[in-house]
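Each remark here refers to the structure printed beneath this line.
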Amino acid sequence: MYNDQYQYKILIIEDNEGDYLIISETLKDIFQSYTLTRLATYAELQNISNPQEYDVLLLDLILPDKKRGELVKLVLDQFPLTPILALTGHTEIEFAKESLALGIADYLIKKNTSPDLLYKSIVYSLERFKNIAALAKSEQLYIDLFNFNPQPTWVYDIETLKFLDVNSLAIESYGYSKKEFLNMNLTDIRPIEEQKRLQVSVKLLKYNGEGLKNRIFTHIKKNNERIRVKIESKVIDYRGKKAVLVVASDITEHLNYLEIIEKQNEELRHTAWLQSHVVRSPVANILGIANQLNDDSLSRQEEKLFLEALLKNTEELDGSIRKVVERSEKIINEDITFNMLGVN
């Protein structure tokens, strides 16, 4: 008997009384604590309401109402999450292989089933199923994270550049159906002028074997609209293929706004130059003329010339001020427009 404290719940389907007694005695030799439930026909198995309450199922492959391949398939359908150990009185290698391929956890010959062999078969099968379940849970978590990522996300083959999978946000953002995406590759969403950059990026991914961050590219949607995207990529194993997981963030509006800000800054710099040079010059002239006009010794002809110069510089100053106001209003109106659009 093994020092195994686990409370095993075992279901056996065996119509032969002698074989059942042998298996039940063998179980007594190996487990300290367990419950054993026996059924004799496949029909009785249909009355099991909760297949997952059993840790393992021991299945005789020849029952009065079902047998061999048909029986195996039916039981596997009913107990998809439970290790099933096939028991038979005959050595049939080909059928054993077929059963294992269908999903049977192990295939045991009754007359050769020692306590050690039965214990190892049960325990190993349970551990294997736990690992499979954990792997399936992990894969499902990946699928959920992939599908519910709030950014367009896809996976592509690092060798062929073909799309292997895309999430719903990619489909919605780019306008292609999933079927269309899976018949395309990365070059189909890149402009011709960026094809070389794409090749370089893929080479870098192959070289570092990890991923790339914060790279900005131009992508083309199905309606031919061009967008700027920030790409983050990670090299992964996808169903046995070396692939790349990509998250694409559309930063078109953000970059457009930065361009507007830069234009505004240029306008402000020009306005500051106008204020410091163009505006100050006529102001200095006006101040000088006003000072000259205070001279009581000026002749009428000199006063007329100074007044004409004063008028000219005043008109020049007015024109410069208008330019400053126009540029300032343009900057303010652009800010109001982009605030309404929510760009910044």
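Of everything in region 82-100 that's of a type in the set (Ser, Thr, Tyr) and assigned to a loop (DSSP other than H, G, I, E, B), which residue is nearest to Lys130 (Cα to Cα)? I'd like the intermediate steps shown before the answer.
Residues of region 82-100 that are of a type in the set (Ser, Thr, Tyr), as a first pass: 82, 88, 91, 99.
If we keep only those that are assigned to a loop (DSSP other than H, G, I, E, B) as well, we get 82, 91.
Values: Thr82: 10, Thr91: 29 Å.
Among those residues, the one meeting the criterion is Thr82.
Number of residues in region 30-81 that are closer than 21 Å to Glu127 by Cα and charged (D, E, K, R): the value is 3.
Of the residues making up region 1-13, just one is at pLDDT 90 or above and either open to solvent by 50 Å² or more (accessible area, probe 1.4 Å) or not in a strand (DSSP E or B) (or both), namely Lys9. In this structure, is Leu204 of a type in the set (A, V, I, L, M), free of Cβ contacts under 8 Å to residues at least 24 places away in the same chain, assigned to a strand (DSSP E or B) and open to solvent by 20 Å² or more (accessible area, probe 1.4 Å)? Here the answer is no, as Leu204 does not meet what is asked. Close Cβ contacts (under 7 Å, 6 or more residues apart or on different chains) running from residues in region 24-53 that are more than 23 Å from Tyr6 (Cα to Cα) and open to solvent by less than 70 Å² (accessible area, probe 1.4 Å) to residues that are modelled with pLDDT under 90 and basic (Lys, Arg) comprise Tyr42/Lys66. Scanning region 153-187 for residues that are loosely packed, with under 15 Cβ neighbours inside 10 Å, without any contact (Cβ under 8 Å) to a residue 40 or more places away in the chain and farther than 20 Å from Gly240 by Cα returns Ser168, Glu172, Ser177, Lys178, Lys179, Thr187. Scanning region 216-235 for residues that are within 17 Å of the chain's Cα centre (by Cα) and surrounded by fewer than 16 Cβ atoms within 10 Å (Cβ to Cβ) yields a total of 1. Within region 47-74, if we keep just the residues that are closer than 23 Å to Leu117 by Cα and under 40 Å from the mean Cα position of the chain (by Cα), the residue that is modelled with the lowest pLDDT turns out to be Val72.
Selection of region 61-81 for residues being surrounded by fewer than 21 Cβ atoms within 10 Å (Cβ to Cβ) and outside any helix (DSSP H, G or I) yields Ile62, Pro64, Asp65, Lys66, Lys67, Phe79, Pro80, Leu81.
Taken over region 101-134, the criterion of being assigned to a helix (DSSP H, G or I), open to solvent by 30 Å² or more (accessible area, probe 1.4 Å) and among the small types (Gly, Ala, Ser) is satisfied by Ala101, Ala133, Ala134. Looking only at residues in region 188-201 that are of a type in the set (D, E, K, R) and closer than 17 Å to Asp157 by Cβ, the one that is most open to solvent (accessible area, probe 1.4 Å) is Asp188.
The values are calculated or read from the model by the stated rules, or taken from the named source; none is laboratory data. Quantities reported herein were computed from a predicted structural model and do not represent experimental measurements. For neighbour counting, all protein chains shown are included, and Cβ atoms are generated from backbone atoms with ideal geometry for every residue, glycine included. Keep in mind that these areas ignore ligands, DNA and RNA; they rest on the heavy atoms of the full protein, side chains included. Shrake-Rupley method; radii C 1.70, N 1.55, O 1.52, S 1.80 Å.
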